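Peer 1: My questions will all concern the structure given below.
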Ligand code: GRG
């Protein structure tokens with residue numbers, strides 16, 4: 001019988017803590033402050049949604065464990081770097097992340113900048129290691145580079161920064177989120193899949209449709225939680241978007257319509273998985289988690 005979802009999720013989260021630790025430079029290694037701050041940014045915190053997506057997609061395509069683990073560490077390192085940089089005074093200027101002082105508050109701004117830079121390099125080094133054949137690794141490295149660069153997460157962040165105080169039309173708001181948050185979530189799904197058996201075209205299209213739905217749902221729910229949850233529960237400053245007059249789904253559609261949209265996206269995600277049958281059970285459960293999460 002299949003392991004209960006909550007147990008599976010917990011097991012992946014526990015494994016990830018040890019794996020991330022093993023793929024980060026030891027805190028005793030020079031330069032000690034930088035290595036300690038990298039560990040501070042990555043370990044002991046976060047929902048590990050992106051690694052969970054890698055593991056779940058890897059399961060659909062029978063991917064070898066080591067390759068899945070490396071891909072999961074790589075996407076989480078890229079994600080952690082983005083949070084560290086996003087929290088800097090020149091961007092979102094935040095003091096609280098994952099229930100702890102942000103890296104620039106705990107250390108200083110220069111260290112936070114370097115932590116992000118070094119985590120990004122570390123992510124690609126980890127993904128380049130292991131025993132998958134070289135052509136597959138190059139494809140995975142390229143995918144992660146595209147998802148995190150100017151045509152992915154960084155590009156989304158640039159649009160976000162440029163749109164503060166501007167009422168972006170819905171299609172442009174969606175495009176911004178597709179890049180800023182959606183690209184790395186999709187890369188997590190695709191890397192898990194690419195680590196396993198070769199994908200058929202309709203399978204790649206189904207994963208793309210699934211990722212698009214969960215990516216948007218993730219953002220809609222993030223906007224909902226920003227207005228309905230408190231900072232202690234979220235582990236980051238709540239109410240930030242409204243305070244900085246950022247366009248959000250809640251400000252655009254209202255709370256009820258945003259909740260309905262998140263539910264519709266959850267259903268779309270499940271539909272996209274139909275072609276995989278039971279093999280995609282975990283991916284379906286993760287779509288539920290993304291929409292029903294409270295942090
Ligand atoms: C600085 C290049 C660069 C990019 C920053 C991801 C991002 C782009 C900024 C984070 C700001 C933010 C709150 C985005 C909304 C969605 C999001 C990514 C939330 C945080 O992700 P979670 O909820 O965080 O998965 P945990 O801590 O659980 O890992």
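The values are calculated or read from the model by the stated rules, or taken from the named source; none is laboratory data. Since this is a predicted model, take the numbers as computed values, not measurements. Here the Cβ positions follow ideal geometry from the backbone for every residue, glycine too, while neighbour counts run over all protein chains shown.
Peer 1: State which residue pairs qualify: first residue closer than 15 Å to residue 290 by Cα and inside segment 37-61, second residue within 10 Å of the ligand (Cβ to nearest atom) and in a helix (DSSP H, G or I) in any location, beta carbons under 6 Å apart, and separation of 6 or more residues or different chains.
Peer 2: 50/76; 50/79; 51/76
Peer 1: Would you be able to say whether some residue in segment 147-158 is surrounded by 20 or more Cβ atoms within 10 Å (Cβ to Cβ), away from the ligand (no atom under 12 Å from the Cβ), within 14 Å of the chain's Cα centre (by Cα) and modelled with pLDDT of 95 or more? Working first, answer last.
Peer 2: The first filter runs over segment 147-158 and keeps only residues surrounded by 20 or more Cβ atoms within 10 Å (Cβ to Cβ), leaving 147-148, 152-153, 156-157.
Add one more test, that the residue is away from the ligand (no atom under 12 Å from the Cβ), and what stays is none.
Looking through segment 147-158, none of the residues is surrounded by 20 or more Cβ atoms within 10 Å (Cβ to Cβ), away from the ligand (no atom under 12 Å from the Cβ), within 14 Å of the chain's Cα centre (by Cα) and modelled with pLDDT of 95 or more.
Peer 1: Sticking with this structure for a sec: Regarding residue 194, is this residue at pLDDT 95 or above and either within 16 Å of the ligand (Cβ to nearest atom) or in contact with a helix residue (DSSP H, G or I) (Cβ under 6 Å, 6 or more places away or on another chain) (or both)?
Peer 2: yes
Residues checked against (1) at pLDDT 95 or above; (2) buried (at least 16 other Cβ atoms within 10 Å of the Cβ); (3) within 14 Å of the ligand (Cβ to nearest atom); (4) under 27 Å from residue 65 (Cα atoms):
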site: 206; (1), (2), (3), (4): yes, yes, no, yes
site: 222; (1), (2), (3), (4): no, yes, yes, no
site: 226; (1), (2), (3), (4): no, yes, yes, no
site: 233; (1), (2), (3), (4): no, no, yes, no
site: 241; (1), (2), (3), (4): no, yes, yes, no
site: 244; (1), (2), (3), (4): no, no, yes, no
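Peer 1: Among the numbered criteria (1) surrounded by fewer than 14 Cβ atoms within 10 Å (Cβ to Cβ); (2) assigned to a loop (DSSP other than H, G, I, E, B), which single criterion is violated by residue 278?
Peer 2: Evaluating residue 278 over (1) surrounded by fewer than 14 Cβ atoms within 10 Å (Cβ to Cβ); (2) assigned to a loop (DSSP other than H, G, I, E, B) leaves (2) as the failure.
Peer 1: While we're on this one: Inspect all residues belonging to segment 252-262 and state whether any of them is closer than 17 Å to residue 156 by Cβ and under 20 Å from the mean Cα position of the chain (by Cα).
Peer 2: Looking for residues that are closer than 17 Å to residue 156 by Cβ and under 20 Å from the mean Cα position of the chain (by Cα), one finds none in segment 252-262, hence no.
Peer 1: Any idea which of (1) in a helix (DSSP H, G or I); (2) buried (at least 18 other Cβ atoms within 10 Å of the Cβ); (3) away from the ligand (no atom under 11 Å from the Cβ) is the one residue 63 doesn't satisfy?
Peer 2: Result: residue 63 fails condition (1) only.
Peer 1: It is to be established whether one or more residues within segment 93-100 are near the ligand (Cβ under 9 Å from one of its atoms), touching a residue at least 24 places away in the same chain (Cβ under 8 Å), crowded, with 21+ Cβ neighbours inside 10 Å and more than 22 Å from residue 146 (Cβ to Cβ).
Peer 2: Yes, some residue in segment 93-100 is near the ligand (Cβ under 9 Å from one of its atoms), touching a residue at least 24 places away in the same chain (Cβ under 8 Å), crowded, with 21+ Cβ neighbours inside 10 Å and more than 22 Å from residue 146 (Cβ to Cβ).
Peer 1: Among the residues of segment 107-119, is any over 25 Å from residue 197 (Cα atoms), near the ligand (Cβ under 9 Å from one of its atoms), surrounded by fewer than 18 Cβ atoms within 10 Å (Cβ to Cβ) and in contact (Cβ under 8 Å) with a residue 24 or more places away in the chain?
Peer 2: No, segment 107-119 contains no residue that is over 25 Å from residue 197 (Cα atoms), near the ligand (Cβ under 9 Å from one of its atoms), surrounded by fewer than 18 Cβ atoms within 10 Å (Cβ to Cβ) and in contact (Cβ under 8 Å) with a residue 24 or more places away in the chain.
Peer 1: Let me ask something else. Are there any pairs, at least 6 apart or on different chains, whose C-beta atoms fall under 8 Å, with the first in segment 75-88 and under 10 Å from residue 117 (Cα atoms) and the second within 6 Å of the ligand (Cβ to nearest atom) and part of a helix (DSSP H, G or I), and if so, which?
Peer 2: 78/153; 82/153; 82/157
Peer 1: In addition: Considering only segment 252-262, state which residues are assigned to a helix (DSSP H, G or I) and either under 16 Å from residue 215 (Cβ atoms) or free of Cβ contacts under 8 Å to residues at least 24 places away in the same chain (or both).
Peer 2: To start, the set of residues in segment 252-262 that are assigned to a helix (DSSP H, G or I) comprises 252-253, 255-262.
Selection gives 253, 256, 257, 258, 260, 261, 262.
Peer 1: Can you find, within segment 162-184, the residue that is farthest from the ligand (Cβ to nearest atom) among those that are over 19 Å from the mean Cα position of the chain (by Cα) and surrounded by 15 or more Cβ atoms within 10 Å (Cβ to Cβ)?
Peer 2: Among them, the one singled out is 168.
Peer 1: Which of the residues that make up segment 194-206 are part of a helix (DSSP H, G or I) and under 18 Å from residue 148 (Cβ atoms)?
Peer 2: 194, the sole residue that qualifies.
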